[in-house]
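Let me begin by presenting the structure, written as structure tokens, before commenting on it.
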Amino acid sequence: MKIMALKQLQAANPSMYDPVAIDMAALAAIGYSNPQQFLAPPSAQQAPPPELQQMQAKMANEKAAADAKMLEANAKMAEAKAKAAEAQARFRWVISIRSRKSLKPRQRRLKTIR
């Protein structure tokens, strides 16, 4: 019962408890004289489980795909901005041409009136 309570406490607050020590105490309480025989070697304990490695690789692939989509979207946005700036420049050029043409007759009229 005490070991179950300790395991539940460890599950609720994993950063507060040493999981290896708790599992060794649980194995000793069950009656095993050498609980370390069931534990993985220290090098294997430090390595993440294969499922986690697989999930990390999948997430890295998804991040790379998302980054590629972001780059493509940024390139399209820059292209659209360039096209808009070009269209605006053309519009201003047309307006300036029209305003020049419309000013000349007015200037002529002003000269004749004076």
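Nothing in this text is a laboratory measurement; each read-out follows from the coordinates by a stated rule. These numbers come from a predicted model, not from an experiment. Positions of Cβ are generated from backbone atoms using ideal geometry, with glycine treated the same way; all protein chains shown enter the neighbour counts.
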If you line up the Cα atoms of the range 1-111 on their principal axes, what length do they span on each, largest first, in Å? 116, 25, 16
Considering the dipole of the chain built from charges on the beta carbon (Lys and Arg +1, Asp and Glu -1) around the Cα centre, which of Ala5, Pro48, Ser96 is farthest to its positive end? Ser96
Glu86 to Asn74: extension gain in nm, 0.36 nm per residue of separation minus the Cα-Cα distance? 2.5 nm
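I want the local charge near Ile30. Using Cβ-Cβ distances under 13 Å, sum +1 for each Lys or Arg and -1 for each Asp or Glu among the other residues.
Working: positive: Lys2, Lys7; negative: Asp23.
For residues surrounding Ile30, the net value is +1.
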Straight-line reach check, Lys58, cutoff 17 Å on alpha carbons, 8 or more apart in-chain or any other chain, hits among aspartates and glutamates -> Asp67
Let me spell out the model: positive unit charges on the Cβ of Lys and Arg, negative unit charges on the Cβ of Asp and Glu, origin at the Cα centre of the chain. What dipole size does that give, in debye rounded to 20? 3040 debye
In whole angstrom, and with the biggest value first, how far do the Cα coordinates of the range 1-64 range along each principal axis? 49, 26, 15
For 37-49, 16-28, ranked highest to lowest by mean beta-carbon neighbours within 10 Å, the order is 16-28, 37-49
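With n ≥ 4 as the cut-off for DSSP H runs, can you work out [θ] at 222 nm for the chain, using -39500 (n - 2.57) per run divided by the number of residues, rounded to the nearest 500?
On the way: 4 runs with 92 residues, N = 114.
Calculated from helices alone, the mean residue ellipticity at 222 nm is -28500 deg cm²/dmol.
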